[in-house]
Every structure is written in C-alpha cells, then in structure tokens.
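Below is one structure, written out as structure tokens; the observations come after it.
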Amino acid sequence: MATSKEFRNFVLEQLQGLQDITCRPMMGEYLLYYNGLLFGGIYDDRLLIKKTVTNQRFQLEEQIPYSGAKPMAYIADLDHPEVLQEIILETCKGLPLKKK
C-alpha cells in the first residue's frame, strides 16, 4: 500500500515549524530530509524515523518500513506538532553529518 498524498501533506503540515524540511517521492513512499540530512520517511501512511541514541528517550515503537529494511522508530502521535518537531530535531542531532 502506497502512502496517500493527503497523509503526506498532513505530516508536512505538522512539520512546517521546521524551516528546511524537504520531501522526495520514492517508489510510492516519501523520504524526509531536514537541512539536507535524511532522517526518515513516510511509509504506508506511517511516519518512521531513523533510530538514534538521541531519540531513545521518546521510547518510540520499532517498525519495519518495508520488507528487508532495518527497523525504524514509529511516531504514532502526529497531533502535537511541537513534540513531533522536537523528536525530529533530536533525531537529527544523533545522525552523522552528510558527507560531501
């Protein structure tokens, strides 16, 4: 099942407080970037982010985005943009910087 454009738009609306969020379509799903850093994606109408040491304190459930992929952290509560944005910022702090 591919992600609906309505769900994608809702997630992006919830993240609009972060200045440099970009979204790229990928085989019916969407990859999400903050300041050019890949932090997660939208898969089957679910927001999944990379697991990092810095986002462990949120105790997010693990889910698999697609068959054969590594587990990611699932953000179920999308109704609180401030918390969602905090989770994204903390996740990005724990990711390695993009190599040039």
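The values are calculated or read from the model by the stated rules, or taken from the named source; none is laboratory data. Please read these numbers as outputs of a predicted model, since none were measured by experiment. Every residue, glycine among them, receives a Cβ derived from its backbone with ideal geometry; neighbour counts consider all protein chains shown.
Applying a threshold of 7 Å to beta carbon distances and a minimum spacing of six or more residues, or different chains, the list of pairs starting in the range 26-50 at a residue that is exposed (fewer than 15 other Cβ atoms within 10 Å of the Cβ) and ending at one that is not aromatic (F, W, Y) reads G28/A2; G28/T3; N35/D20; G36/K98. Taken as a whole, the structure leaves I42 outside the set of residues that are farther than 18 Å from Y66 by Cα and either among the hydrophobic types (A, V, I, L, M, F, W, C) or in contact with a strand residue (DSSP E or B) (Cβ under 7 Å, 6 or more places away or on another chain) (or both). Taking the numbered list (1) surrounded by 11 or more Cβ atoms within 10 Å (Cβ to Cβ); (2) in contact (Cβ under 8 Å) with a residue 40 or more places away in the chain; (3) among the aliphatic types (A, V, I, L, M) in turn, A73 passes all entries but (2).
Of the residues that make up the range 82-93, is at least one surrounded by 12 or more Cβ atoms within 10 Å (Cβ to Cβ) and assigned to a loop (DSSP other than H, G, I, E, B)? Taking every residue of the range 82-93 in turn, none turns out to be surrounded by 12 or more Cβ atoms within 10 Å (Cβ to Cβ) and assigned to a loop (DSSP other than H, G, I, E, B). The set of residues from the range 16-36 being within 10 Å of C92 (Cα to Cα) and modelled with pLDDT under 95 comprises just one member, N35.
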